[in-house]
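Undergrad: Structure incoming, see below.
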Amino acid sequence: MTPHTTPGGADGYVPSERRIARERYRRARARRATAIAATSTLVTGAALFLLITNSPGWARTKETFFSAHYARVALPQVLEGLWLNLRLLAVCGVAVLVLGLLLAVARTLRGPVFFPVRALAIAYTDFFRGLPLIICLLMVVFGVPALRLQGVTTDPVLLGGGALVLTYSAYVAEVFRAGIESVHPSQLAAARSLGLSGGQALRFVVLPQAVRRVVPPLLNDLVSLQKDTGLVSIAGAVDAVYAAQIIASKDFNYTPYVVAGLVFVALTIPMTRLTDWVTARMDRRRAQGGIV
């Protein structure tokens, strides 16, 4: 691998024969791996297709779950109900981030005077992380109206959204707390030595670094929240899932449920790929020393 003078008089790099052979081998290996992966995927897919379509009950299953007629009937109503799921995702997502960050900050407060705040934050996080979401929804949606409190809403959409916020804020709080505790104490000490108060050091030094580090797990929680917005249907809110249930209950054909599921999958996949891209990007920047 030595430079030489080209006939035109300009110096250029000419790779050695060994390097050319190595690159040729790598390309050949990559092509072979791609061919093997494609072949195995096709064989597996064909085997599964034949296994399912040749099963004794396939005809009845196809009619019940994969009816083109019921899919065309259900799709407009499912998409109309999906608008409620998207609104819940937007509103609840913001509320979850804000409440989760407040809980995380409360758990990291130091000093005996803040012990009651820390204890309440710990109790809240432990309780709602351990409580199944479906039970939380049932308790809030049916328990709050039973109290007959003046000025308290009985709207199932608002109550269902509140239950989602209660549960997911506990999970997000732990994500934020992990990010805060991952910041080296020397960062806080350096900020205090420059004259910043404890609150200013937390706001301008610790939290920016902590939030950047936990973006991928936060996006994963957002994907889970997107799917779980469908659970508000148990309260009677007409979202994508409940719209599918209404159609399915008329003729006992479950194709609308499949349509609703595919709609949620179509929404989830782009967010999942975005999460993977952000994670890979942050890993590259961290490897290059671009993230503190």
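Please treat every number below as a calculation from the coordinates, not as lab data. In this text the structure is predicted, and so the values were computed from the model without any measurement. Cβ placement follows ideal geometry from the backbone for every residue including glycine, while neighbour counts extend to all protein chains displayed.
Undergrad: What Kirkwood Rh does the chain have if only Cα atoms enter the pairwise 1/r average? Answer in Å. Could the numbers behind the result be given before it?
TA: Numbers: mean 1/r = 0.0414 Å⁻¹.
That comes to 24.2 Å for the chain.
Undergrad: Can you pull the percent of Cα pairs in region 43-126 with separation above 14 Å? Mind showing how you got there, number by number?
TA: Details: 2725 of 3486 pairs.
Here the long-distance tail beyond 14 Å is 78 percent of all Cα pairs in region 43-126.
Undergrad: Report the label-to-label distance for Gln200 and Lys227 in nanometres (one decimal), using points 7 Å from each Cα along the Cα→Cβ vector.
TA: 4.6
Undergrad: Rg to Rh for region 191-292: what is it, with Cα atoms only and Rh by Kirkwood?
TA: On the way: Rg = 21.3 Å, Rh = 17.1 Å.
The Rg/Rh ratio comes out at 1.25.
Undergrad: Evaluate Rg over Rh across region 204-256, taking Cα atoms for both radii and Kirkwood's formula for Rh. Walk me through the intermediate numbers first.
TA: Details: Rg = 18.3 Å, Rh = 13.7 Å.
Ratio value, two decimals: 1.33.
Undergrad: In addition: Which of rounded, prolate, oblate describes region 2-143, given a ≥ b ≥ c as roots of the alpha-carbon gyration tensor eigenvalues and a/c under 1.5 marking rounded, otherwise prolate only if a/b is larger than b/c?
TA: On the way: a/c = 2.98, a/b = 1.35, b/c = 2.21.
Oblate, because a/c is 1.5 or more while a/b does not exceed b/c.
Undergrad: Could you tell me the convex hull volume per residue, in Å³, taken over the Cα atoms of region 160-225? Write out the running numbers ahead of the final one.
TA: Working: hull volume 5.2 nm³, N = 66.
Normalising the Cα hull of region 160-225 by residue number yields 78 Å³.
Undergrad: Roughly how many Å is it from the Cα centre of region 66-93 to that of region 216-245, as a whole number?
TA: With region 66-93 and region 216-245 each reduced to a Cα centre, they are spaced 11 Å.
Undergrad: Using only DSSP helix segments of four residues or longer, with each worth -39500 (n - 2.57), what per-residue ellipticity at 222 nm results for the chain after dividing by its residue count and rounding to 500?
TA: The helix-only estimate for the chain comes to -26000 deg cm²/dmol at 222 nm.
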